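Visitor: Okay, handing you the structure first.
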Amino acid sequence: MAGLAVSAENAAHVYAVPAEWRARAMIKPDTYDTFYAEAAQDPEAFWKREAQRLDWMTPFTKVKNTSFTEAEFGIKWFEDGALNVSANCLDRHVAERPDAIAIIWEGDEPGDSRIISYRDLHDEVCRLANALKANGIRKGDRVTIYLPMIPEAAAAMLACARIGAIHSVVFGGFSPDSLAGRITDCDSQLVITADEGLRGGKHVPLKANVDKALTHCTSVEKVIVVRRTGADITMKDGRDIWYHDAVADAAPECAAEAMNAEDPLFILYTSGSTGKPKGVLHTTGGYLVWASMTHQYVFDYRPGEVFWCAADVGWVTGHTYVVYGALANGATTLMYEGIPNYPDFSRFWNVIDKYQVEIFYAAPTALRALMREGDAWVERTSRKSLRLLGTVGEPINPEAWEWYHRVVGEGRCPIVDTWWQTETGGAMISPMPGATDLKPGSATKPLFGVKPELVDAEGVVLEGPAEGNLVITDSWPGQARTIWGDHERFFQTYFTTYAGKYFTGDGCRRDGDGYYWITGRVDDVINVSGHRMGTAEIESALVAHAKVAEAAVVGMPHDLKGQGIYAYVTLNANETGDDALRRELVQWVRREIGPIATPDAIQFAAGLPKTRSGKIMRRILRKIAEGDVSNLGDTSTLADPSVVANLVGNRQN
Ligand code: WTA
């Protein structure tokens, strides 16, 4: 509803679109309405036009061919077109602005930095692409990337894209076991890693982790190693190659492979509510259209502006907004290797001043951690260059939103709270700075082509202001196409809970202005510091410990992390649960999965609340972990109702 004032429903304040944004933005309130309506009513025309933002090697004649229903299930966009992602991210910008800055890299240690032009990045990518080919990698092969936040990570992704290899980036915080699982699941032939990572002055033994992982992986033939810290590492003869040697010997020209729009671009493992992490697969054409379009409209991006997405390339946010969306749009993208509080709590703001960052995009968890340290760390910096702020990864509490707006942005920068998922490829529900009045805590309105719906547990569609489960009723170009190696699981996971609709796994409220408020996951996925964790994964890590008989993991509210990890553990007979064992189990989980899965509380439990058919009643465990024990609901169906009193009596925290 263009121009109509938005009410303060659910919000203490509404922040209207500032006049200067209304004047300059690409998407103004009435553009939003026109585009939204067109994408809904005539998707063929809308997406045909939006796809012109890319260079196609073979133009497509078909736009959309998608169905979410069982009989016709399939998702194809631009299916007879061909293009190359790396050519779109590099070559066309090199032709016009070779000296424009593609990547500003800020190292962990202040003062350590690199500035890389589009021409230089193009040459590096071509050399690495040739090196991959020289090491046997061909179109369709899988390459695992396990790197810190260094420019070589972006180069590695683009080099794969250039030759049509499918990359799988694994976050550097994952353990050797987690890495091995992700290598084996997609049969990677080659791993690109570094001797070590550096985060907050701490060294992360990446190459040693790869060596451990590869003791259980048979598919990997070669490992390319970036020298980052110069640490002493072992190089295995015949398998391990230094990155600098590989690229030095390679030519700086490599023709970009013509990829069908539906050829795979990357696999990214993410946690689900059951089983092991799933390899979410994104393809070439639709993903890049979505990454580019959302980056341009949500951030109102124009070439030349310095854009900083503070996510790691190990997560989807890093894929879409550090690398693909940003570079497709010819952006100057800032890559930061370190952490928000090193060497001190002003680091983010110092980096913004150092490079005159205009757009800054980060996770609420980092903002909450910085907010806690007081305003002085922010106020001693200028931040005059900032004009737009963004958040992603978890709901932002209005208090943190207001702080971000008032203290960091000095009241002048709109905040785009972008809701999306690994599976959606890019932002789905988000304000646009020139079009959307803001309500702190709301991701506001759907992007073009996104048709959200709220349904109740039975699938009944809820109209008007309502709260329910969030589904998306029609396909959008950036949507994941499958789960690697398990198309049936893809269909079952996302399209059967509410037949014919994509189920997000999130709960959501819609207010009287049509604004969406994400309330968090409604499945057994928890969101710890903006990182998705499957409770089942942590449980299976715990039960792998010799003393543990059974484990149940739930989320609990956590001031900084959003959600913390609360584990109920039943020990084998004759074992005693004490603090020493608690510490041991915490270390165990960190080793099995990685530090991001560190349990915040471990409660030893004589028994878990189970139904007579043996199903653990997680609802009760969640309430106890939250400390909400006055109203545990109906416990009469439990096989042994007395376990509940015992659990309540022994709460941790
Ligand atoms: C949550 C990250 C509220 C949500 C891009 C989703 C959010 C999950 C927001 C996906 C937001 C992400 N407000 N919740 N702005 N953004 N989420 O796959 O629960 O790592 O389902 O993708 O994060 O996490 P993922």
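Visitor: Here are Tyr269, Tyr324: which of them is within 16 Å of the ligand (Cβ to nearest atom), among the hydroxyl-bearing types (Ser, Thr, Tyr), outside any helix (DSSP H, G or I) and surrounded by 23 or more Cβ atoms within 10 Å (Cβ to Cβ)?
Guide: On the way: Tyr324 fails: outside any helix (DSSP H, G or I).
Tyr269 is the lone residue from the list that is within 16 Å of the ligand (Cβ to nearest atom), among the hydroxyl-bearing types (Ser, Thr, Tyr), outside any helix (DSSP H, G or I) and surrounded by 23 or more Cβ atoms within 10 Å (Cβ to Cβ).
Visitor: Moving on. For the stretch 159-185, how many residues are part of a helix (DSSP H, G or I), touching a residue at least 60 places away in the same chain (Cβ under 8 Å), among the small types (Gly, Ala, Ser) and in contact with a helix residue (DSSP H, G or I) (Cβ under 6 Å, 6 or more places away or on another chain)?
Guide: Here the count works out to 2.
Visitor: Would you tally the residues in the stretch 386-399 being more than 12 Å from the ligand (Cβ to nearest atom) and either closer than 9 Å to Asp417 by Cα or of a type in the set (Phe, Trp, Tyr) (or both)?
Guide: Quick first cut of the stretch 386-399, residues more than 12 Å from the ligand (Cβ to nearest atom) only: 386-389, 398-399.
Narrowing the set further to residues that are either closer than 9 Å to Asp417 by Cα or of a type in the set (Phe, Trp, Tyr) (or both) leaves 389.
Total satisfying the criteria: 1.
Visitor: If you don't mind, another one. Within the stretch 102-113, is there a residue that is assigned to a helix (DSSP H, G or I) and either out of contact with any Ser or Thr (no Cβ under 8 Å at 6 or more places or on another chain) or at pLDDT below 95 (or both)? First the steps, then the outcome.
Guide: Residues of the stretch 102-113 that are assigned to a helix (DSSP H, G or I), as a first pass: none.
For the stretch 102-113, residues assigned to a helix (DSSP H, G or I) and either out of contact with any Ser or Thr (no Cβ under 8 Å at 6 or more places or on another chain) or at pLDDT below 95 (or both): absent.
Visitor: Any idea how many residues of the stretch 410-421 are within 24 Å of the chain's Cα centre (by Cα) and more than 16 Å from the ligand (Cβ to nearest atom)?
Guide: In the first step, residues of the stretch 410-421 are kept if they are within 24 Å of the chain's Cα centre (by Cα); the result is 413-421.
Right, trim to more than 16 Å from the ligand (Cβ to nearest atom) and you get 413.
Of the residues in the stretch 410-421, 1 are within 24 Å of the chain's Cα centre (by Cα) and more than 16 Å from the ligand (Cβ to nearest atom).
Visitor: Look at Lys501 and say whether it is within 28 Å of Thr598 (Cα to Cα) and touching a Ser or Thr at 6+ places or on another chain (Cβ under 8 Å).
Guide: Taking the combined requirement at face value, the residue does not satisfy it.
Visitor: Quick check on Gly512: is it within 27 Å of Glu458 (Cβ to Cβ), in contact with an Asp or Glu (Cβ under 8 Å, 6 or more places away or on another chain), at pLDDT 95 or above and within 15 Å of the ligand (Cβ to nearest atom)? Walk me through how you get there before you give the answer.
Guide: Working: within 27 Å of Glu458 (Cβ to Cβ): yes; in contact with an Asp or Glu (Cβ under 8 Å, 6 or more places away or on another chain): yes; at pLDDT 95 or above: yes; within 15 Å of the ligand (Cβ to nearest atom): no.
No; evaluated as a whole, the condition is false for this residue.
Visitor: Continuing with the same structure: Of the residues Arg119, Arg142, only one is in contact with a strand residue (DSSP E or B) (Cβ under 6 Å, 6 or more places away or on another chain) and basic (Lys, Arg); which?
Guide: Arg142
Visitor: Further question: Could you grab me the full set of residues in the stretch 1-22 that are in a helix (DSSP H, G or I) and without any contact (Cβ under 8 Å) to a residue 24 or more places away in the chain?
Guide: Matches in the stretch 1-22: Ala19, Glu20.
Visitor: Scan the stretch 307-318 and tell me whether some residue there is touching a residue at least 60 places away in the same chain (Cβ under 8 Å) and more than 16 Å from the ligand (Cβ to nearest atom).
Guide: Within the stretch 307-318 (the criterion being touching a residue at least 60 places away in the same chain (Cβ under 8 Å) and more than 16 Å from the ligand (Cβ to nearest atom)), the answer is no, since none of the residues qualifies.
Visitor: It is to be established whether one or more residues within the stretch 534-541 are within 16 Å of the ligand (Cβ to nearest atom), within 21 Å of the chain's Cα centre (by Cα), in a strand (DSSP E or B) and crowded, with 21+ Cβ neighbours inside 10 Å.
Guide: Looking through the stretch 534-541, at least one residue is within 16 Å of the ligand (Cβ to nearest atom), within 21 Å of the chain's Cα centre (by Cα), in a strand (DSSP E or B) and crowded, with 21+ Cβ neighbours inside 10 Å.
Visitor: Report, by residue number, each residue of the stretch 510-524 that is farther than 17 Å from Gly562 by Cβ and surrounded by 18 or more Cβ atoms within 10 Å (Cβ to Cβ).
Guide: Listed by number, the residues that qualify are Arg510, Asp511, Asp513, Tyr515, Tyr516.
Visitor: I'd like the full set of residues that are within 24 Å of Ile538 (Cα to Cα) and touching a Cys at 6+ places or on another chain (Cβ under 7 Å), limited to the stretch 147-204.
Guide: The answer is Ser168, Ala180, Ile183, Thr184.
Visitor: Now, a different point. Being over 19 Å from Leu268 (Cβ atoms), within 15 Å of the ligand (Cβ to nearest atom) and either modelled with pLDDT of 95 or more or among the aromatic types (Phe, Trp, Tyr) (or both), is that true of even one residue in the stretch 455-464?
Guide: no
Visitor: Within the stretch 340-361, can one find any residue that is touching a Phe, Trp or Tyr at 6+ places or on another chain (Cβ under 9 Å), charged (D, E, K, R), more than 16 Å from the ligand (Cβ to nearest atom) and part of a loop (DSSP other than H, G, I, E, B)?
Guide: Yes, that holds for at least one residue.
Visitor: Which residues, counting only those in the stretch 341-366, are without any contact (Cβ under 8 Å) to a residue 40 or more places away in the chain and in contact with a strand residue (DSSP E or B) (Cβ under 8 Å, 6 or more places away or on another chain)?
Guide: Let us first name the residues in the stretch 341-366 that are without any contact (Cβ under 8 Å) to a residue 40 or more places away in the chain, namely 344-346, 348, 353.
Passing the criteria: only Phe348.
Visitor: Sticking with this one: Assess whether Val554 counts as being under 24 Å from the mean Cα position of the chain (by Cα) and either farther than 17 Å from Gln421 by Cα or away from the ligand (no atom under 15 Å from the Cβ) (or both).
Guide: In short, yes.
Visitor: Given the conditions (1) out of contact with any Gly (no Cβ under 9 Å at 6 or more places or on another chain); (2) more than 24 Å from Asp108 (Cβ to Cβ); (3) not acidic (Asp, Glu), which single one is not true for Val247?
Guide: Just one mismatch for Val247, condition (2).
Visitor: Report, by residue number, each residue of the stretch 485-503 that is assigned to a helix (DSSP H, G or I) and closer than 27 Å to Val289 by Cβ.
Guide: His487, Arg489, Phe490, Phe491, Thr493, Tyr494, Phe495
Visitor: Which one of these does Asp437 not meet: (1) away from the ligand (no atom under 16 Å from the Cβ); (2) within 24 Å of Ile526 (Cα to Cα)?
Guide: (2)
Visitor: Does Gly607 meet the test of being within 30 Å of Val392 (Cβ to Cβ), outside any helix (DSSP H, G or I) and not hydroxyl-bearing (Ser, Thr, Tyr)?
Guide: It is false that Gly607 is within 30 Å of Val392 (Cβ to Cβ), outside any helix (DSSP H, G or I) and not hydroxyl-bearing (Ser, Thr, Tyr).
Visitor: Please go through (1) in a helix (DSSP H, G or I); (2) closer than 19 Å to Ile538 by Cα for Pro599 and return the number of the only condition it doesn't satisfy.
Guide: Among (1) in a helix (DSSP H, G or I); (2) closer than 19 Å to Ile538 by Cα, the lone unmet condition for Pro599 is (1).
Visitor: Residue check, Lys501 against (1) away from the ligand (no atom under 13 Å from the Cβ); (2) charged (D, E, K, R); (3) surrounded by fewer than 20 Cβ atoms within 10 Å (Cβ to Cβ), all met but one. Which one?
Guide: In the conditions (1) away from the ligand (no atom under 13 Å from the Cβ); (2) charged (D, E, K, R); (3) surrounded by fewer than 20 Cβ atoms within 10 Å (Cβ to Cβ), Lys501 misses (3) alone.
Visitor: Does the stretch 354-409 hold any residues that are of a type in the set (A, V, I, L, M) and more than 24 Å from the chain's Cα centre (by Cα), and which are they?
Guide: Matches in the stretch 354-409: Ala376, Val378, Val407.
Visitor: Suppose the filter is under 23 Å from Phe299 (Cβ atoms) and within 11 Å of the ligand (Cβ to nearest atom); does Glu402 pass it?
Guide: Numbers: under 23 Å from Phe299 (Cβ atoms): yes; within 11 Å of the ligand (Cβ to nearest atom): no.
It is false that Glu402 is under 23 Å from Phe299 (Cβ atoms) and within 11 Å of the ligand (Cβ to nearest atom).
Visitor: Working only within the stretch 128-158, note down all residues that are of a type in the set (A, V, I, L, M), part of a loop (DSSP other than H, G, I, E, B) and under 23 Å from Pro340 (Cβ atoms).
Guide: Leu147, Met149, Ile150, listed by residue number.
Visitor: Of the residues Ala231, Ala250, Ala246, which single one is farther than 30 Å from Asp486 by Cβ, surrounded by fewer than 16 Cβ atoms within 10 Å (Cβ to Cβ), small (Gly, Ala, Ser) and out of contact with any Cys (no Cβ under 7 Å at 6 or more places or on another chain)? Explain how you work it out, then say what you get.
Guide: Working: Ala250 fails: surrounded by fewer than 16 Cβ atoms within 10 Å (Cβ to Cβ); Ala246 fails: surrounded by fewer than 16 Cβ atoms within 10 Å (Cβ to Cβ).
Of the residues listed, the single one that is farther than 30 Å from Asp486 by Cβ, surrounded by fewer than 16 Cβ atoms within 10 Å (Cβ to Cβ), small (Gly, Ala, Ser) and out of contact with any Cys (no Cβ under 7 Å at 6 or more places or on another chain) is Ala231.
Visitor: Right, here's the next one. Out of curiosity, is Ala102 closer than 30 Å to Trp476 by Cα and surrounded by 17 or more Cβ atoms within 10 Å (Cβ to Cβ)?
Guide: Numbers: closer than 30 Å to Trp476 by Cα: yes; surrounded by 17 or more Cβ atoms within 10 Å (Cβ to Cβ): yes.
Spelling it out, Ala102 is indeed closer than 30 Å to Trp476 by Cα and surrounded by 17 or more Cβ atoms within 10 Å (Cβ to Cβ).
Visitor: Out of the stretch 593-627, which residues are among the small types (Gly, Ala, Ser) and buried (at least 16 other Cβ atoms within 10 Å of the Cβ)?
Guide: Once the filter is applied, which keeps residues that are among the small types (Gly, Ala, Ser) and buried (at least 16 other Cβ atoms within 10 Å of the Cβ), the stretch 593-627 yields Gly594, Ala597, Ala601, Ala605, Gly607, Ala625.
The values are calculated or read from the model by the stated rules, or taken from the named source; none is laboratory data. Keep in mind that what you see is a predicted model, and the values were worked out from it rather than measured. FYI the Cβ positions are ideal-geometry reconstructions off the backbone, even for glycines, and counts take in every protein chain you see.
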